[in-house]
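What follows is a set of notes on a single structure, which appears directly below.
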Amino acid sequence: MAKQLMKGNEAIAKAAIVAGCRAYFGYPITPQNELCEYMAKYMRSSGGVFVQAESEVAAINMVYGAAASGALSMTSSSSPGIALKQEGISYCAGAELPALIVSVSRGGPGLGGILPSQGDYNQATRGGGNGDYHVPVFAPASIQEAASLVRKGLIVAAKYRNPVMVLADGVIGQMMEPVELDPNPIDIEAFPWAADGNSGVRPRNIVNSLHLDVDDLENHNKHLQAKYRAIEENETMWEEYKMDDAEYMFVAYGTPSRITKSAVDELRSEGVKVGLLRPISLWPFPYEVIHRFSKKMKFIFVAELSSGQMLVDVKLAVGYDTPVHFYGRMGGNIFEPLELVAEFKKHQEVLGQ
Amino acid sequence: MKPIKLVCAGFGGQGVLSVGQMVALLAMKNNKEVSWMPSYGPEMRGGTANCHVVVDDQPIAAPIIASGITHLLAMNGPSLDKFLAKVAPGGTVIVNKAMIDHPLSRTDVKVIACDFPGLAEEAGAMKSQNMVAFGALIYAMDVFSKEDAKDVILEKFGGKKPELNEANLQAFEFGYSKH
Amino acid sequence: MTTTVFKKTRGLTDVPFTYCPGCTHGIIHRLVAEVLEELELLDTAVGIASVGCSVMSYEFFNCDMIQAAHGRAPAVATGVKRTHPDKTVFTYQGDGDMASIGAAEIVHAAHRSENITVIFVNNAIYGMTGGQMAPTTLPGHVTTTSPFGRDTTLQGEPIRMSEMLSTIPGSYYIERVTVIDPVSVRKAKTAIKKAFQAQKDKKGFSMIEVLSTCNVGWGVTPLDALKQIKNDMIPYYPLGVYKDKGANQ
């Protein structure tokens, strides 16, 4: 497909339709409305289903139903709406249903604000649903990457029979950038497990997350955990920027990672050997690579639009041997490259480096 | 090229978001890296609108321009008040003479003053004010060709409102040359 | 010569029911299963089990089944039906599930006139969790969460779902029945058949409310429970057709 100038929300919607998503269930909330609106306009003419649900709770349960009957389906929302979807996400994970959930996050807690924020890192990677489950979370840093990760998300969801989340900040949702979509639908085999009303021609299928027998439930959980280990093994994604000779490492994801790149360039121009490690998958988190790099670093600088949520994962990866510094903004404020540079230098002085 | 950090601001309905989008399209056609970021939410509902456009040869780092604006398009007084302080020294400010008649409080920026509604009317359509602005902007940027810019106008609006093509192109010409 | 005068419907599996002795869920299951078989819908049906006593109904109905979260069955059914419009989709929900936690989902499924059939089993109590008050519990009735009897000044009057949903333009067929004697069982089956036929004819949302017993939760004998439906429930929840858009066609 030719390059188009597209808004992130619209590119996400179009990428999903082109990839083969044929059912969308949503509910209005800023700043993801253009996604819902794009689906309303184009899903039916693409041979798919669009329903504006009565609530985010209903929307995720419609996804559950569509997915249970074998349709590649998705929903999207923003922070408070994603909170409401957690019940359904847990059920999808328990019943092993593929689904794509797009979260275009805003500031919180509560109604918070509508400007860009990364305060939903924990909500996305830890989830609010019950039980021992994981949802792969992919965080784009550009519109092009948002489109690619939507496609990748659908593939991963189908491959592992598990819900997948694309976590975008408000900038990614609202911004326009040139994007080139992969025109080919993704290659997915039919789902033999689907409860799609064909018990006349095969043994009946049951989609269920209830396991009252203790051993049955433990075995089910063991099976899920084995799947999550495979996802960790195969689907961990990150980008390294100027890390080859780096003595300092920034860690940032999403829109802030772009700003951090600028800070890296600025510091490099002053002769400071600094690089950026950008997690693309937030779960599974690139613990190993961060741990490996951390041994060579004088310190690590985590920059987020939050009070420090990914920070905890970075610290888990690093351990105690290398200092980890954090800088964050909240409420919709976004740091500038020179702000990060100044903070970096200040911390260098503090550590006497 | 030197990076362009453009802010287009005005009342809702003056077409500032479209002007920014046309610049973004133009940049994309010229194989530049580009981002377009609108104001959104309650800010929009308040009646003012703005967008930030960054054009560069390098991938865009920050799509939201917090400082160092190289080009400011101010379609009304409040927009000028809001963004003037953030314009880089030596930057260009394009103002709507019809709504901003006082001299600017800064002397270290270039000023292009244009009578947007007057020129649009002269071109044949009051609705083409933002095309006047687009013309002035392309002149001020001095990066993209007039021909490419006109192609973008036709591409973006030619299909939707072909009856306005002539006035739009004329308005663009006026914006490019009459200030 | 031998002739078969009765056999178990193919619409039910051989898994023994988990319902308490005396509970009328079993009868309602059989009626739904028989109707699916008789209308030749069984092999293309997708049933949605809800949360409550009928949570295990996916084990009993002999067709594709999906187990849904508490109250969400109509939303799940919407997801199935919209992506598979030619399949027969039904939910089987209790009164706690539908009238309380799932009130929004049932109202909006009816409002959108989803072409699904809802079997609403109203026994005026939360049975599975041990006999708590439901929105449908009758005034004065003692439950574990209304130990002094339902006080309508604090806990409201019982919700009449059939009456409420019949006011929604999108609902096509709504009838309240019961299964306390052979006559009412036959009437219930006719109603259930009508509801599934409506779906088959793509008419839109249909619901059959079945007044059902919970002798254990109510703390009475099975026989007294049947009498209680007749004496207490039916006066508050009158039987009959509440909505039939096809009546005059």
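Odds and ends about this structure:
- Test item: A:154-167 mean partner chain Cβ contacts at 10 Å: 0
- Checked against a 24 Å cut-off, the cross-linked pairs C:K202/C:K230; A:K273/A:K315; A:K298/A:K346; C:K200/C:K243; A:K296/B:K2 give Cα-Cα distances beyond that limit for C:K202/C:K230; A:K296/B:K2.
- For the stretch C:2-62, the set of GluC sites (Glu not before Pro) satisfying both a DSSP loop assignment and a count of at most 14 other C-beta atoms within 10 Å is given as C:E40.
- As computed over the stretch A:64-180, the Cα convex hull volume per residue (Å³): 88 Å³
- Shown for the stretch B:1-107 is the translational diffusion coefficient from the Stokes-Einstein equation, using the Kirkwood radius over Cα pairs, a temperature of 4 °C and a viscosity of 1.567 mPa s: 93 µm²/s.
- In Hz, Karplus ³J(HN,Hα) per residue of the stretch C:136-141 (6.51, -1.76, 1.60; θ = phi - 60°; x = Gly, Pro): 9, 4, 6, x, x, 6
- Charge dipole of chain B about the Cα centre (unit charges at C-beta), most positive-ward option of B:F157, B:A120, B:L25: B:L25
- For the pair the stretch A:115-176 and the stretch A:255-311, the centres of their Cα atoms are 19 angstrom apart.
- When the Cα positions of A:A15, A:Q4, A:A99 are compared along the charge dipole of chain A, A:Q4 comes out farthest toward the positive end, with charges on each C-beta of Lys, Arg, Asp and Glu.
- Three principal axis lengths of the stretch C:31-94 [C-alpha, angstrom, descending]: 29, 25, 15
- Net charge over other residues, Cβ less than 11 angstrom from the Cβ of A:N162 (K, R count +1; D, E count -1): +1
- Per the Debye calculation on chain C with a single equal scatterer at every Cα and no solvent contribution, log₁₀ I(q)/I(0) for q = 0.09, 0.12 Å⁻¹ amounts to -0.35, -0.63.
- Inter-part distance where the stretch A:211-237 and the stretch C:58-90 are each reduced to a Cα centre, Å: 25 Å
- What you get for the stretch C:1-101, charging only the Cβ of Lys and Arg (+1) and of Asp and Glu (-1), is a dipole of about 100 debye around the Cα centre.
- Percent of beta bridges antiparallel (DSSP, the stretch A:240-350, rounded to nearest 5): 15 percent
- Amide H contacts under 5 Å for C:S212, placed H, 5+ residues apart: C:N122, C:N123
- Candidate cross-link partners of B:K82 among the lysines, defined by an alpha-carbon separation under 22 Å and a same-chain spacing of 8 or more, comprise B:K5, B:K97, B:K110.
- Over all projection directions, the Cα-based convex hull of the stretch A:1-135 averages an area of 8.2 nm².
- Of the three principal axes defined by the Cα atoms of chain A, the extents in descending order read 74, 49, 37 Å.
- Local electrostatic count at A:Y42 - Lys and Arg +1, Asp and Glu -1, tallied over other residues with Cβ under 15 Å: +2
- Crossing angle, helix A:143-160 versus chain A [Cα axis fit, 0-90 degrees, rounded to tens]: 50 degrees
- Karplus-derived HN-Hα couplings along the stretch B:10-16 (A = 6.51, B = -1.76, C = 1.60, θ = phi - 60°), whole Hz, x at Gly and Pro: x, 6, x, x, 7, x, 5
- For residues of C:52-58, the mean tally of beta carbons on other chains within 10 Å: 2
- Gyration tensor verdict on the stretch A:240-350 (Cα atoms; rounded if a/c is under 1.5, prolate if a/b is larger than b/c, oblate otherwise): rounded
- Ordering C:A49, C:Q132, C:T18 by the projection of their Cα atoms onto the charge dipole of chain C, which places +1 on the Cβ of Lys and Arg and -1 on the Cβ of Asp and Glu, puts C:A49 at the extreme positive end.
- Cα gyration tensor category, rounded, prolate or oblate, for chain B with a/c compared to 1.5: rounded
- For the stretch C:25-243, the relative contact order comes to 19 percent (Cα pairs under 8 Å, sequence separation of at least 6).
- Note on surface exposure: C:R30, B:R106 rank C:R30, B:R106 by accessible area, highest first, 1.4 Å probe.
- Whole-percent pair-distance distribution, where bins are 10 Å wide, for the alpha carbons of the protein assembly as shown: 3, 13, 20, 19, 16, 13, 9, 5, 2, 0, 0, 0
- Within the stretch B:41-152: Cβ-based charge dipole about Cα centre, in debye rounded to nearest 20 (Lys, Arg +1; Asp, Glu -1): 320 debye
- Qualifying trypsin sites (Lys or Arg not before Pro) in the stretch A:289-353, where qualification requires a DSSP coil assignment and no more than 14 other C-beta atoms within 10 Å, comprise A:K295, A:K296.
- Whole-Hz ³J(HN,Hα) from phi, Karplus 6.51 cos²θ - 1.76 cosθ + 1.60, for the stretch A:180-193, glycine and proline x: 10, 8, 5, x, 8, x, 6, 8, 10, 6, 4, 8, x, 8
- Among the residues of B:65-71, the average count of other protein chain beta-carbon atoms within 10 Å of the residue beta-carbon is 2.
- Sequence-distant residues sharing a close amide H with B:A125 (under 5 Å, placed H): none
- Partners for A:K7 among lysines (Cα-Cα distance below 18 Å; same-chain residues under 8 apart left out): A:K41, B:K29, B:K32, B:K156
- 0 to 90° range, to nearest 10: angle between helix A:79-95 axis and chain A longest Cα axis: 60 degrees
- One equal scatterer on each Cα of the stretch A:10-89, no solvent, Debye formula: the resulting log10 I(q)/I(0) at q = 0.19, 0.21, 0.26 Å⁻¹ is -0.71, -0.88, -1.30.
- Extent along the principal axes, Cα only, for the stretch C:99-138: 33, 18, 16 Å, with the longest axis given first.
- Rounded to the nearest 10 degrees, the angle from helix A:214-235 to the longest Cα principal axis of chain A is 50 degrees.
- Packing order of peptides A:196-203, B:72-79, C:76-83, highest average first: C:76-83, B:72-79, A:196-203 (average count of other Cβ atoms within 10 Å over each peptide's residues).
- The dipole here belongs to the protein assembly as shown: it is taken about the Cα centre, uses +1 on the Cβ of Lys and Arg and -1 on the Cβ of Asp and Glu, and is about 1020 debye.
- Total formal charge among the other residues, if their Cβ is under 11 angstrom from that of B:H52, Lys/Arg +1 and Asp/Glu -1: +2
- Mean residue ellipticity (222 nm) of the protein assembly as shown, computed from DSSP H runs ≥ 4 via -39,500 (n - 2.57), nearest 500: -11500 deg cm²/dmol
The values are calculated or read from the model by the stated rules, or taken from the named source; none is laboratory data. For clarity, every value in this text was computed on a predicted model and none was experimentally measured. Cβ coordinates were reconstructed from backbone atoms using ideal geometry, including for glycine residues, and neighbour counts include every protein chain displayed. The accessibility values were calculated without ligands, DNA or RNA, using every heavy atom of the protein model including side chains. Shrake-Rupley method; radii C 1.70, N 1.55, O 1.52, S 1.80 Å.
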